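Peer 1: My questions all concern the structure below.
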Amino acid sequence: MSQTAIGYQSIAATLASQGFVILPGVLDAKELVQLREACQPIADQYGVRQVLQSYPSIRQALNWDKLHKLLQAADMVDAQTVRSIFFNKNADHNWLVSWHQDMTICVNQKIELGGYGKWTYKKGVHYTEPPAAILEAMLTCRIALDDAGTENAALKVIAGSHNSGKLDETQIQNISKTSAHNTCVMRAGDILLMKPLLLHASDKARLATQRRVLHLEFSANTLPSPLDWAETSDHPVHTL
């Protein structure tokens, strides 16, 4: 897939077929500066979960009108943020991420519920693997705060792999060895939209400069009661 700009009218179709879209220059210079400044208190950390709730200044620095337009173009006009993470791969925190799908969601509690399993509990939050339909209806938005290329471990993806549903480790290994990889080269201010079940990975950076990313996950689904999204159940939801 070409990484050149596409019209917003093509976003939904491209996500359906390819599983990802790179949108250049979504944030202008002023918006990028504001977002970087809002992230400054956590700049020395390599990963911060529930970042929009923990750091309201980051939520306020985002241009929600622009994000709303992206969600509209992706046929997800009613979606809300259900997970937010700040990543910073750098010289001190330079990790390898093997090929995988994003298979878990964070929820308000652990309950016995058909189709939900592989429960974990990390830093006060419950995580579970939901039915495939929940993941297929989600959308991830990765906002680049720094340039990302092959030297500093830009994300790699396998176009169309999200259409294979949930994959086991053997299937992931086979597909990653036999399929073409796309490197998501991005400039600061670009946005990557991707489906959670898209196979993706990243190498260790050869040039370990900062590679900061604000990772947002969106869903328009309501989980079966009493289960709810952890990042919206106890906090006001930003109306898009």
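The values are calculated or read from the model by the stated rules, or taken from the named source; none is laboratory data. As the structure is a computational prediction, the values presented were derived from the model and not from experiment. Ideal geometry is used to build each Cβ from the backbone, glycine not excepted, and the neighbour counts take in all protein chains shown.
Peer 1: Got a number for residues in the stretch 96-115 being of a type outside the set (A, V, I, L, M), surrounded by 13 or more Cβ atoms within 10 Å (Cβ to Cβ) and touching a residue at least 60 places away in the same chain (Cβ under 8 Å)?
Peer 2: Count: 6.
Residue-wise test of (1) aromatic (F, W, Y); (2) in a strand (DSSP E or B); (3) in contact with a strand residue (DSSP E or B) (Cβ under 6 Å, 6 or more places away or on another chain).
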| site | (1), (2), (3) |
| --- | --- |
| R142 | no, yes, yes |
| D146 | no, no, yes |
| A153 | no, no, yes |
| T170 | no, no, no |
| Q173 | no, no, no |
| S176 | no, no, yes |
| A180 | no, no, no |
| E217 | no, yes, yes |
| T222 | no, no, no |
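Peer 1: Sticking with this structure for a sec: Give A79, A29 a once-over and let me know the one that is surrounded by fewer than 16 Cβ atoms within 10 Å (Cβ to Cβ) and at pLDDT 95 or above.
Peer 2: A29
Peer 1: Every residue in the stretch 184-240 that is at pLDDT below 95 and acidic (D, E), please.
Peer 2: Matches in the stretch 184-240: D203, E231, D234.
Peer 1: Mind checking which residues of the stretch 177-193 are crowded, with 17+ Cβ neighbours inside 10 Å and out of contact with any helix residue (DSSP H, G or I) (no Cβ under 9 Å at 6 or more places or on another chain)?
Peer 2: C184, M186, D190, L192
Peer 1: Next question, about the same structure. Any idea which of (1) part of a loop (DSSP other than H, G, I, E, B); (2) of a type in the set (D, E, K, R); (3) under 18 Å from the mean Cα position of the chain (by Cα) is the one E112 doesn't satisfy?
Peer 2: With respect to (1) part of a loop (DSSP other than H, G, I, E, B); (2) of a type in the set (D, E, K, R); (3) under 18 Å from the mean Cα position of the chain (by Cα), E112 is out only on (3).
Peer 1: Another one. Out of curiosity, is R59 farther than 15 Å from F87 by Cα, of a type in the set (K, R) and either under 18 Å from the mean Cα position of the chain (by Cα) or not in a strand (DSSP E or B) (or both)?
Peer 2: In short, yes.
Peer 1: Quick one: V82 ticks every box in (1) in contact with a Ser or Thr (Cβ under 7 Å, 6 or more places away or on another chain); (2) assigned to a helix (DSSP H, G or I) except a single one, so which number is it?
Peer 2: Status for V82: all satisfied but (2).
Peer 1: Please determine, by comparing only the residues of the stretch 140-178 that are under 30 Å from Q210 (Cβ atoms) and small (G, A, S), which one is farthest from the chain's Cα centre (by Cα).
Peer 2: S176
Peer 1: Quickly run through the stretch 85-109 and pick out the residues that are hydrophobic (A, V, I, L, M, F, W, C) and either in a strand (DSSP E or B) or modelled with pLDDT of 95 or more (or both).
Peer 2: I85, F86, F87, V97, W99, M103, I105, C106, V107
Peer 1: Now, a different point. Against the condition surrounded by fewer than 19 Cβ atoms within 10 Å (Cβ to Cβ) and in a loop (DSSP other than H, G, I, E, B), how does P196 come out, does it pass?
Peer 2: Judged against the criteria, P196 is not a match.
Peer 1: Scan (1) closer than 24 Å to A16 by Cα; (2) crowded, with 16+ Cβ neighbours inside 10 Å; (3) modelled with pLDDT of 95 or more for the single condition A154 breaks and write down its number.
Peer 2: The one condition A154 does not meet is (3).
Peer 1: Please state which one of G165, G149, G160 is surrounded by 14 or more Cβ atoms within 10 Å (Cβ to Cβ) and either in contact with a helix residue (DSSP H, G or I) (Cβ under 6 Å, 6 or more places away or on another chain) or at pLDDT 95 or above (or both).
Peer 2: It is G160.
Peer 1: Taking the condition of being within 25 Å of D75 (Cα to Cα) and β-branched (V, I, T), how many residues in the stretch 105-158 meet it?
Peer 2: Looking only at that region, the number is 7.
Peer 1: Okay, moving on. Would you say P56 is over 25 Å from E37 (Cβ atoms) and without any contact (Cβ under 8 Å) to a residue 24 or more places away in the chain?
Peer 2: Against the criterion (over 25 Å from E37 (Cβ atoms) and without any contact (Cβ under 8 Å) to a residue 24 or more places away in the chain), P56 does not qualify.
Peer 1: Next question. Restricting the first residue to the stretch 60-72 and requiring it to be in contact (Cβ under 8 Å) with a residue 12 or more places away in the chain, which pairs with a second residue that is not in a helix (DSSP H, G or I) and not aliphatic (A, V, I, L, M) meet a Cβ separation below 8 Å and a spacing of at least six or different chains?
Peer 2: That search, which allows pairs on different chains as well, returns W64/H238; L67/C141; L70/C141; L71/F218.
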